[in-house]
Amino acid sequence: MHIVQRLRRLLTPAPPPVPPGTGQRIQAVEQEAAKRRLLASARIMTQAHRRASRPGGPVR
């Protein structure tokens with residue numbers, strides 16, 4: 001069984017090398033996207049609260 005696994009590893013091409021720091025770069029991009037989504041959601045909530053607190057109530 002181990003022989004089959006070793007042969008499979010030898011015969012399958014190795015994945016292309018990944019430049020160093022790629023994982024950190026991807027994580028930073030995902031973190032920025034999450035931050036933008038959170039800020040957009042907070043902005044929408046703030047606008048809704050402001051509309052609801054007007055004297056006439058929510059505008060429809």
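The values are calculated or read from the model by the stated rules, or taken from the named source; none is laboratory data. Only a predicted model underlies this, so the values are computations on that prediction, with no experimental measurement involved. Accessible surface is based on the protein model in full, side chains and every heavy atom, while ligands, DNA and RNA are left aside. Shrake-Rupley method; radii C 1.70, N 1.55, O 1.52, S 1.80 Å.
Would you mind finding the one in Ile3, Ile44 that is open to solvent by 100 Å² or more (accessible area, probe 1.4 Å) and either of a type in the set (Ser, Thr, Tyr) or under 23 Å from the mean Cα position of the chain (by Cα) (or both)? Reasoning before the result, please.
Details: Ile3 fails: either of a type in the set (Ser, Thr, Tyr) or under 23 Å from the mean Cα position of the chain (by Cα) (or both).
After ruling out the rest, the residue left standing is Ile44.
Restricting attention to region 9-34, and to residues there that are charged (D, E, K, R) and modelled with pLDDT of 85 or more, which single residue is most open to solvent (accessible area, probe 1.4 Å)? Full working, then the answer.
Let us first name the residues in region 9-34 that are charged (D, E, K, R), namely 9, 25, 30, 32.
Next cut, modelled with pLDDT of 85 or more only: 25, 30, 32.
Values: Arg25: 134, Glu30: 118, Glu32: 86 Å².
Step by step, filter region 9-34, then rank; the result is Arg25.
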